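Structure, as structure tokens:
The values are calculated or read from the model by the stated rules, or taken from the named source; none is laboratory data. Everything numeric here is computed off the predicted structure, so don't read it as measured data. All Cβ positions, glycine included, derive from the backbone under ideal geometry; neighbour counts span all protein chains shown. Heavy atoms of the whole protein, side chains included, go into the accessibility calculation; ligands, DNA and RNA do not. Shrake-Rupley method; radii C 1.70, N 1.55, O 1.52, S 1.80 Å.
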Amino acid sequence: SMSAGKKIIVERGGTLIIDGGKITNSCGQMWKGIEVWGDASKSQLTNGAQGNIIMKNGATIENAIIAISNTRILPTTVAPAFSGGIIQAKDSKFINCGQSVNMMLYHNFHPINNNPINDISYFNNCEFLINSNLNDPSVTPDKMVSLYDIIGVKFSGCEFRNITPVKGIGIWGVDSKFTVDDLCLSQVFPCNSFKQNEFDGFKYGIYASNSNPFYAARVNHAIFTNCSKDG
């Protein structure tokens with residue numbers, strides 16, 4: 001149980017593994033969440049360059065203002081040089097957070113030839129849920145996932161649900177290339193069993209705006225329920 005207003009920092013080269021555990025504030029308040037510090041000048045494939053968080057086996061982050069960010073957050077802004085932190089979540093939950101995921105200002109590249117490659121962060125079979133008013137009335141859950149100038153993050157078989165009257169956005173992406181696709185559940189090739197992404201109870205299930213036509217969002221087979229606008 002984290003104290004109100006406190007945060008966890010995963011420094012460059014560090015790894016935080018949440019294996020089936022829950023990080024929350026159990027006193028009716030909100031904590032600041034987890035910052036995964038990176039190095040924007042280095043590849044995510046360079047050993048020890050970036051911070052990394054791994055969530056698995058029902059890992060849960062709850063009651064955070066921003067559950068996970070891929071950069072260092074300063075009092076009034078962010079530190080772009082610290083972008084590039086790696087977030088890898090599977091079978092995990094984000095519950096009643098002002099924002100579940102905040103990723104910005106990083107383009108991954110191959111460390112040898114410098115060719116651009118996708119971010120190695122991913123979210124597989126994760127639940128993003130707001131089922132009650134947040135503990136801090138000054139925090140508005142307007143975006144569950146925020147992506148700004150990020151390339152290649154993938155969401156597979158995730159559930160985005162908001163059952164409160166405040167209708168925000170499931171995934172918000174600006175100048176970002178990301179994929180929302182099925183999760184394969186079978187052990188055969190080609191895959192014959194899938195789990196779709198679901199968006200329930202939002203103004204926008206997905207909002208994407210890009211000034212670069214090559215930075216397009218790809219959405220495949222997603223289910224939208226009780227959304228004013230799908231995307």
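Laid out as a table, the results:
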{"read-out": "Residues within segment 31-48 that are small (Gly, Ala, Ser) and open to solvent by less than 10 Å² (accessible area, probe 1.4 Å), tallied", "value": "3"}
{"read-out": "Pair list, Cβ under 6 Å, 6 or more apart: segment 123-140 residue in contact (Cβ under 8 Å) with a residue 12 or more places away in the chain, other residue surrounded by fewer than 12 Cβ atoms within 10 Å (Cβ to Cβ)", "value": "131/163; 135/28"}
{"read-out": "Some residue of segment 49-63 being modelled with pLDDT under 95 and among the hydrophobic types (A, V, I, L, M, F, W, C)", "value": "no"}
{"read-out": "Residues that are open to solvent by less than 10 Å² (accessible area, probe 1.4 Å) and at pLDDT below 95, drawn from segment 72-92", "value": "none"}
{"read-out": "Boolean, residue 95 is within 25 Å of residue 78 (Cα to Cα), surrounded by fewer than 23 Cβ atoms within 10 Å (Cβ to Cβ) and β-branched (Val, Ile, Thr)", "value": "yes"}
{"read-out": "Criterion: out of contact with any helix residue (DSSP H, G or I) (no Cβ under 9 Å at 6 or more places or on another chain) and over 27 Å from residue 168 (Cα atoms) - qualifying residue of 59, 81, 89, 40", "value": "81"}
{"read-out": "Enumerated strands (runs of 3 or more DSSP E) restricted to segment 180-231, each holding at least 2 residues that are closer than 15 Å to residue 146 by Cα and open to solvent by less than 60 Å² (accessible area, probe 1.4 Å)", "value": "204-209"}
{"read-out": "Among the candidates 5, 28, residue that is on the phi > 0 side of the Ramachandran plot, open to solvent by 10 Å² or more (accessible area, probe 1.4 Å), in a loop (DSSP other than H, G, I, E, B) and touching a strand residue (DSSP E or B) at 6+ places or on another chain (Cβ under 9 Å)", "value": "5"}
{"read-out": "Search result, residues across segment 53-71 that are under 18 Å from residue 130 (Cα atoms) and either over 12 Å from the mean Cα position of the chain (by Cα) or open to solvent by 10 Å² or more (accessible area, probe 1.4 Å) (or both)", "value": "58, 59, 60, 62, 63, 64, 65, 66"}
{"read-out": "Qualifying residue in segment 169-178 (condition: over 23 Å from residue 103 (Cβ atoms) and either touching a residue at least 24 places away in the same chain (Cβ under 8 Å) or surrounded by fewer than 17 Cβ atoms within 10 Å (Cβ to Cβ) (or both))", "value": "no"}
{"read-out": "Hits in segment 1-22 (condition: among the hydrophobic types (A, V, I, L, M, F, W, C) and within 24 Å of residue 75 (Cα to Cα))", "value": "2, 4, 8, 9, 10, 16"}
{"read-out": "Residue in segment 115-127 that is of a type in the set (A, V, I, L, M) and at pLDDT 95 or above present", "value": "yes"}
{"read-out": "Of all residues making up segment 72-104, the number that are touching a residue at least 12 places away in the same chain (Cβ under 8 Å), on the phi < 0 side of the Ramachandran plot and not in a helix (DSSP H, G or I)", "value": "22"}
